[in-house]
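Just below is one structure, and these are the notes that go with it.
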Amino acid sequence: MRLFKTRYSVLFSFIVFFLIISLLTRLIFLGLYFHKASITTVLAIPLILGKGLLYDTAVALFFTSAYGVYLLLLPEKWNRSAINKVITYTGSFLVVLIVLFAFFAEFAFWDEFESRFNFIAVDYLVYTFEVINNINQSYPLPWLISAMVALTVLVLFLFYQRNIFYDSFKAFTPVKHRLIITGSLLAAAIAACFMSNSWADTSPNHYQNELAKAGIFSFFAAFKSNELNYYDFYAKENEEKVFQTVRTDLTDELTQFVSNGYSIRRRINNPGTAQRPNVILVTIESFSADFMQHFGNTQGITPVLDSLADKSILFTNMYATGTRTVRGMEALTLCVPPTPGNSIVRRTDNDSLFTVSSIFRKAGYQSTFFYGGDGYFDNMNNYFGNNGFDICDKGGRMIPDEAIHAKRAVIPKEEIHFENAWGICDEDLYNAVIRDADRKYQHHQPFFDFVMTTSNHKPYTYPSGKVAIPSGSGREGAVEYTDYAIGQFLKKIQSAPWFNNTVIIFVADHCASSAGKNEINVSKYHIPCIIYNLAKDGRIIDQHCSQIDLFATLFGLLNWQYESNWYGQNVLLPGYQPRAWVATYQKLGYLLPDKLAVLSPQQKNATYQWHKQTDELVPQKSIDQNLLKHAVASYQTAYYLYKHGGLKE
């Protein structure tokens, strides 16, 4: 039986079309990233293409299964009807258009993340307003849509020219044959449901693994694993054992635990007279350490921050916990290792948690979250508003059932001079921070501000005439504008009456890119952190540490006594043991100055020697059990505490 001469001719022609365009996409990626994929064996490329063919076939089967059932059930006399022709032409147009858009989206996504669709793509689907605006400002969207429609029409015209539609409508296909064809398609599609996206993760090279995958398959795999249960997927130990390990790790000469058992709640008794300055935490979007001259950059795009670093407290060896803004927010407010799957910021049960704001509130401070975009995005307003922060953002949507237990201020439109898809420019955001600080000072109200910037984000647009690099030219221009806006902010506040009693912290939420040849590329987590206006002279803190250690160290410098329910530690204490957490949404990394443990789903574990100078990870022949013990203990207890309410106030 010739399948392409049956009523299934459109279905099988689409499968062939999909496999061809998928192969072309994979070959283009392979050509563009061949040097990064480190192809050193003869079998590497056939393995990539072979696995890719299986993933692509699975996606094609998913797309066509429903149509296969339709063709099975369609009576012979209706196969030639006008209704069937309308359904077939319309369905073919929509499916081909969706596929073409998906392939374009893959190139756009890879351009930013050097990866197939992953958890980030799933998040972006939820926030279509920001994402569509970002695409519209990054690409000529009307031309893009027109091109996609034109290509779709061309594909269908080629189908028509080759009599594919004619064969489908005119062919007589007996019920017996239809049962065999549709049954086979459904059986293959069901079998494909058992394929795992992690099956491609067999190479130590990240790019080889990603090239073998299929974007649409990866998207639905990420959607399925939106939240991962640590106990179902990762290596674990007895609860009592892991908590004992973590409590030992958190013990130092200034710590006194205030509860027993499955808890890390303790009293921190920093000696000395407590200082009570205002604190403004500026969290800079996507700001890698290597943007700064202090970390080897020669472009001169951060003169303000490099100048600040010379007269401030500079952390030279700090690592972000993740690769998303919400992970940075989680690390800086909750000070806990990242739990697998979604950030706690984006989860539902995330109110009344023990955050940095909890400590500031007990000290009489007012906490405010400032964001240049709409805080509805990524559940930011809900998280901050229900954890002790007031809200000040650009404004926009408020979902009907949103219950934010906080005051919310919207930045007035007359105070906005420039905005793009992600929010207002950093200068306008800083002006809102200054106005609010002036008001609080007049009311004798000490304050802690969490400021989240947006300018250093694609489409990299900002007010013209501010820096030498034209707006929209690329990342370097956005970095230079980000630095310029910080300089303008500092110039304005130096004459403010509250300035001398205010500490300003500049820290990145995460790096500009997490892509690299390894699943966890350690150098892509290295971020700068500057504490300005606290020390009179410049000071270097070179201890290997994490984002989650920032406030424990700050409170140590300020001589605060407080109750802690976090994993962050004062890195300046003599007994501090250097470590950091670096993770993706599935891979959980525990980093020492020269070693890395990685916990993966299906209880897979690996340990590596890490050579910092070359950023090379060398797999250890035998698992470092001591390193693994501390990795499992920290991640397992963090997940346990979140799920059992142990992170609540």
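Laid out as a table, the results:
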| item | result |
| --- | --- |
| Residues located in region 441-496, provided they are part of a helix (DSSP H, G or I), polar (S, T, N, Q) and over 23 Å from the mean Cα position of the chain (by Cα) | 442, 488 |
| Scan of region 548-570 for residues that are buried (at least 23 other Cβ atoms within 10 Å of the Cβ), in contact with a Pro (Cβ under 8 Å, 6 or more places away or on another chain) and either at pLDDT below 95 or in a loop (DSSP other than H, G, I, E, B) (or both), ordered by number | 567 |
| Residue that is assigned by TED's automatic domain parsing to the domain that holds residue 71, touching a residue at least 40 places away in the same chain (Cβ under 8 Å) and over 21 Å from residue 608 (Cα atoms), where the choices are 192, 187 | 192 |
| Any hit, region 343-354, residues being out of contact with any Lys or Arg (no Cβ under 7 Å at 6 or more places or on another chain), farther than 26 Å from residue 232 by Cα and surrounded by fewer than 22 Cβ atoms within 10 Å (Cβ to Cβ) | no |
| Residue identified as under 19 Å from residue 234 (Cβ atoms), among the charged types (D, E, K, R) and either in contact (Cβ under 8 Å) with a residue 40 or more places away in the chain or buried (at least 19 other Cβ atoms within 10 Å of the Cβ) (or both) among 629, 612 | 629 |
| Those residues of region 604-626 which are in contact with a Phe, Trp or Tyr (Cβ under 7 Å, 6 or more places away or on another chain) and not in a strand (DSSP E or B), in sequence order | 620 |
| Failed item in (1) touching a strand residue (DSSP E or B) at 6+ places or on another chain (Cβ under 9 Å); (2) more than 27 Å from residue 564 (Cβ to Cβ), with residue 340 passing the rest | (2) |
| Of the criteria (1) out of contact with any Asp or Glu (no Cβ under 7 Å at 6 or more places or on another chain); (2) farther than 30 Å from residue 174 by Cα; (3) of a type in the set (Ser, Thr, Tyr), which one residue 115 fails | (1) |
| Output for region 291-333, where each listed residue is of a type outside the set (S, T, N, Q), within 25 Å of residue 587 (Cα to Cα) and not in a helix (DSSP H, G or I) | 318, 319, 320, 322, 324 |
| Residue that is within 30 Å of the chain's Cα centre (by Cα) and touching a residue at least 60 places away in the same chain (Cβ under 8 Å), where the choices are 325, 298, 273 | 325 |
| Matching entry among 53, 71 (being touching a residue at least 40 places away in the same chain (Cβ under 8 Å) and assigned to a helix (DSSP H, G or I)) | 71 |
| The lone exception for residue 434 - which of (1) buried (at least 23 other Cβ atoms within 10 Å of the Cβ); (2) in contact with a Lys or Arg (Cβ under 7 Å, 6 or more places away or on another chain) it fails | (1) |
| From 503, 507, residue being crowded, with 19+ Cβ neighbours inside 10 Å, β-branched (Val, Ile, Thr) and under 20 Å from the mean Cα position of the chain (by Cα) | 507 |
| Every residue from region 571-594 that is buried (at least 19 other Cβ atoms within 10 Å of the Cβ) and of a type outside the set (A, V, I, L, M, F, W, C) | 579, 584, 585, 586, 589, 590 |
| So residue 367, is it surrounded by fewer than 23 Cβ atoms within 10 Å (Cβ to Cβ), in the same structural domain as residue 503 (by TED's automatic domain parsing) and over 30 Å from residue 593 (Cα atoms) | no |
| Of residues in region 383-420 being in a strand (DSSP E or B) and of a type in the set (Val, Ile, Thr), the one modelled with the lowest pLDDT | 410 |
| Unique match (being in contact with a Leu (Cβ under 9 Å, 6 or more places away or on another chain) and on the phi < 0 side of the Ramachandran plot) among 104, 63 | 104 |
| Leading residue by the ranking (modelled with the lowest pLDDT) among those in region 438-474 that are more than 22 Å from residue 497 (Cβ to Cβ) and aromatic (Phe, Trp, Tyr) | 460 |
| Failed criterion for residue 438 (all others in (1) in contact (Cβ under 8 Å) with a residue 60 or more places away in the chain; (2) part of a strand (DSSP E or B) hold) | (2) |
| Some residue of region 580-603 being outside any strand (DSSP E or B) and small (Gly, Ala, Ser) | no |
| Enumeration of residues in region 632-647 that are exposed (fewer than 15 other Cβ atoms within 10 Å of the Cβ) and in contact with a strand residue (DSSP E or B) (Cβ under 8 Å, 6 or more places away or on another chain) | none |
| Inter-residue pairs, beta-carbon under 7 Å, first outside the structural domain of residue 215 (by TED's automatic domain parsing) and in region 20-35, second of a type in the set (Lys, Arg), 6+ apart | none |
| Residue within region 232-252 that is touching a residue at least 40 places away in the same chain (Cβ under 8 Å), surrounded by fewer than 21 Cβ atoms within 10 Å (Cβ to Cβ) and among the small types (Gly, Ala, Ser) present | yes |
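Okay, residues lined up against (1) in contact with a helix residue (DSSP H, G or I) (Cβ under 8 Å, 6 or more places away or on another chain); (2) closer than 25 Å to residue 244 by Cβ; (3) in the same structural domain as residue 332 (by TED's automatic domain parsing):
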position: 555; (1), (2), (3): yes, no, yes
position: 559; (1), (2), (3): no, no, yes
position: 568; (1), (2), (3): yes, yes, yes
position: 601; (1), (2), (3): yes, no, no
position: 606; (1), (2), (3): no, yes, no
position: 621; (1), (2), (3): no, no, no
position: 630; (1), (2), (3): yes, yes, no
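Residue by residue, here is whether (1) within 22 Å of residue 554 (Cα to Cα); (2) among the β-branched types (Val, Ile, Thr) holds:
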residue: 259; (1), (2): no, no
residue: 276; (1), (2): yes, no
residue: 280; (1), (2): yes, yes
residue: 324; (1), (2): no, no
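The values are calculated or read from the model by the stated rules, or taken from the named source; none is laboratory data. These numbers come from a predicted model, not from an experiment. Please note: Cβ atoms are built from the backbone with ideal geometry, for glycine as well, and neighbour counts cover all protein chains shown.
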